[in-house]
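> Here it is: the structure, laid out below.
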There are 2 protein chains.
Amino acid sequence: MASAMAGPMGAVIPATERTRLRRLPARASHDRAAIDAILDEALVCHVGFVHEAQPYVLPTTYARVDDVLYLHGSAASRMLRGLREGVPVCVTVTLLDGLVLARSAFHQSMNYRSVVILGTATEVTDDSERLRALEAVVEHVLPGRWRQVRRPSAQELRATMVLRLPLLEVSAKIRAGGPLDDAEDRGWPCWAGHVPVELTALAPVPDGVIPAGAPAPRLPFQGRSEP
Amino acid sequence: MASAMAGPMGAVIPATERTRLRRLPARASHDRAAIDAILDEALVCHVGFVHEAQPYVLPTTYARVDDVLYLHGSAASRMLRGLREGVPVCVTVTLLDGLVLARSAFHQSMNYRSVVILGTATEVTDDSERLRALEAVVEHVLPGRWRQVRRPSAQELRATMVLRLPLLEVSAKIRAGGPLDDAEDRGWPCWAGHVPVELTALAPVPDGVIPAGAPAPRLPFQGRSEP
């Protein structure tokens, strides 16, 4: 039952006291390329912040550009208005890769790839960086989309807050493969192994009348169950 | 670009000052059945807690039993050892349901269902409740699995910590459907709509020799792309 995902955070680049891996260090990744791959594949992050001693964790979209993670949202957002004051933040991104079905309840687990970023966000005030960040968020969801959509108006830009979080204190943790059963359980009479899971895109649902010649989107991960 | 997911938390049952919805209240759910359905469908939660003024957000497995969310993990886990001291915690569960491709960058969004639980966790010390919680976690991943696996030994139980978090201050937030474009953008020459996404189970990968007569698992969400 020892859930690998319940363990503490992975190791860091550079390692700091508060993010150094305490348990299962073999699952930590020091590889920045591995970290970037997770951030670029996932679509949603979970933003953690503290308000009056209470932690809050909210899902949101994001994009990575080089060494920066961009968050954005309504300029009226309580969360973003709090974060731009420079409070400590934790952004966690998790990809669920599989269910690990061990022979013992104790060794049930999950395959996953996760990234944890600690730091402080700052508001982006430069309009060209703001536009690049918003472009990155749109392109992150669907590459090529930015050149298709109407760009933000000046009024929309004013209504949007963009925050930058540098990838300075960042760690990845990865579990892959089958169960790690105890030797004496190998003969236990049940199926054991792992079941890979993945996010799949289904048939696009058009909104009203679509102009002639505007092709339906093809998602990067749409290959398997495409209609 | 206003990401619906970046907004503040949904409304609550009962509503409290710190969880009352501030923006987009139409997306909040007061329906406990809707909350339970989200908690029961998702496989991973994100646990937020504060340590020395720094928020941390870590993914882990869980299970709901009636009005309680159970977390578990190694008794050596720093996170769990911290939580059992009674510090405030936030557990967030998010199901990504689709990509919303609006005609304007500003209205790009995501379809999702999320639940936010605020509260304080306590350690479960009663062994029968601990076993029921662990059973619920195993059954949550794959119904019927608990009667197949070897149950936890006394030593494994001692090595496992179980925490209970009551579903007292809990809220759901849901976005569904197509884009909400401005009227003047309806003629913009690009495809617009939404692309549903879902978690799909792929072919199970057996671990070594599987005993005769032990069937491969069928995941509840395996229907669509089953090999």
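The values are calculated or read from the model by the stated rules, or taken from the named source; none is laboratory data. Just so it is clear, the structure is predicted and the values come from calculations on it, not from any experiment. Cβ: placed from backbone, ideal geometry, glycine included. Neighbour counts: every protein chain shown. Surface areas here come from the heavy atoms of the whole protein model, side chains and all, with no ligands, DNA or RNA. Shrake-Rupley method; radii C 1.70, N 1.55, O 1.52, S 1.80 Å.
> Working carefully through the options B:A121, B:A136, B:A102, B:A75, find the one that is closer than 30 Å to B:E184 by Cβ and of a type outside the set (D, E, K, R). Steps first, please.
Values: B:A121 fails: closer than 30 Å to B:E184 by Cβ; B:A136 fails: closer than 30 Å to B:E184 by Cβ; B:A75 fails: closer than 30 Å to B:E184 by Cβ.
Step by step, each of B:A121, B:A136, B:A102, B:A75 is checked, and only B:A102 is closer than 30 Å to B:E184 by Cβ and of a type outside the set (D, E, K, R).
> What pairs can you find where one residue is in region A:114-143 and within 12 Å of chain B (Cβ to nearest Cβ), the other is open to solvent by 20 Å² or more (accessible area, probe 1.4 Å) and acidic (D, E), and their Cβ atoms are less than 6 Å apart, with a gap of 6+ or different chains?
A:L118/A:E169; A:G119/A:E169
> May I pose another question? Criterion first (over 21 Å from the mean Cα position of the chain (by Cα), more than 25 Å from A:T120 (Cα to Cα) and not in a loop (DSSP other than H, G, I, E, B)) does A:Q155 satisfy it? Let's see the steps before the verdict.
Working: over 21 Å from the mean Cα position of the chain (by Cα): yes; more than 25 Å from A:T120 (Cα to Cα): yes; not in a loop (DSSP other than H, G, I, E, B): yes.
In short, yes.
> Quick one: how many residues across region A:107-136 are open to solvent by 30 Å² or more (accessible area, probe 1.4 Å) and β-branched (V, I, T)?
Adding up the residues that qualify gives 3.
> Among the residues of region B:144-176, write down those that are of a type in the set (V, I, T) and more than 10 Å from chain A (Cβ to nearest Cβ).
So in region B:144-176, the residues of a type in the set (V, I, T) come out as B:149, B:160, B:162, B:170, B:174.
Listed by number, the residues that qualify are B:V170, B:I174.
> From the set of residues in region A:38-81 that are more than 7 Å from chain B (Cβ to nearest Cβ) and free of Cβ contacts under 8 Å to residues at least 12 places away in the same chain, which is farthest from A:T200 (Cα to Cα)?
Here the answer is A:E52.
> Of the residues that sit in region A:183-227 and are part of a loop (DSSP other than H, G, I, E, B), charged (D, E, K, R) and more than 9 Å from chain B (Cβ to nearest Cβ), which one is surrounded by the fewest Cβ atoms within 10 Å (Cβ to Cβ)?
In this case the residue turns out to be A:E226.
> Of the residues in region B:137-154, how many are among the aliphatic types (A, V, I, L, M) and either closer than 10 Å to B:P217 by Cβ or open to solvent by 20 Å² or more (accessible area, probe 1.4 Å) (or both)? Can you show your working first?
Of all residues in region B:137-154, those among the aliphatic types (A, V, I, L, M) come to B:137-138, B:141-142, B:149, B:154.
After this cut, where a residue has to be either closer than 10 Å to B:P217 by Cβ or open to solvent by 20 Å² or more (accessible area, probe 1.4 Å) (or both) as well, the list is B:141-142, B:154.
Total satisfying the criteria: 3.
> Something else now. Quick one: in region B:163-182, of everything that is part of a loop (DSSP other than H, G, I, E, B) and either among the aliphatic types (A, V, I, L, M) or crowded, with 18+ Cβ neighbours inside 10 Å (or both), which residue is farthest from the chain's Cα centre (by Cα)? Lay out the reasoning, then the answer.
The first filter runs over region B:163-182 and keeps only residues part of a loop (DSSP other than H, G, I, E, B), leaving B:167-168, B:176-182.
When the remaining residues are screened for being either among the aliphatic types (A, V, I, L, M) or crowded, with 18+ Cβ neighbours inside 10 Å (or both), the result is B:167-168, B:176, B:178-181.
On the way: B:L167: 13, B:L168: 16, B:A176: 17, B:G178: 23, B:P179: 25, B:L180: 26, B:D181: 30 Å.
Ranking the candidates gives B:D181 first.
> Right, A:A76: surrounded by fewer than 16 Cβ atoms within 10 Å (Cβ to Cβ), over 18 Å from the mean Cα position of the chain (by Cα) and among the small types (G, A, S) or not? First the steps, then the outcome.
Numbers: surrounded by fewer than 16 Cβ atoms within 10 Å (Cβ to Cβ): yes; over 18 Å from the mean Cα position of the chain (by Cα): yes; among the small types (G, A, S): yes.
Taking the combined requirement at face value, the residue satisfies it.
> Within region A:84-106, restricting attention to residues that are open to solvent by 40 Å² or more (accessible area, probe 1.4 Å) and more than 9 Å from chain B (Cβ to nearest Cβ), which residue is modelled with the highest pLDDT?
Narrowing region A:84-106 to residues open to solvent by 40 Å² or more (accessible area, probe 1.4 Å): A:84-85, A:87-88, A:97.
Those left that are additionally more than 9 Å from chain B (Cβ to nearest Cβ): A:84-85, A:97.
Working: A:R84: 89, A:E85: 86, A:D97: 96.
This residue is A:D97.
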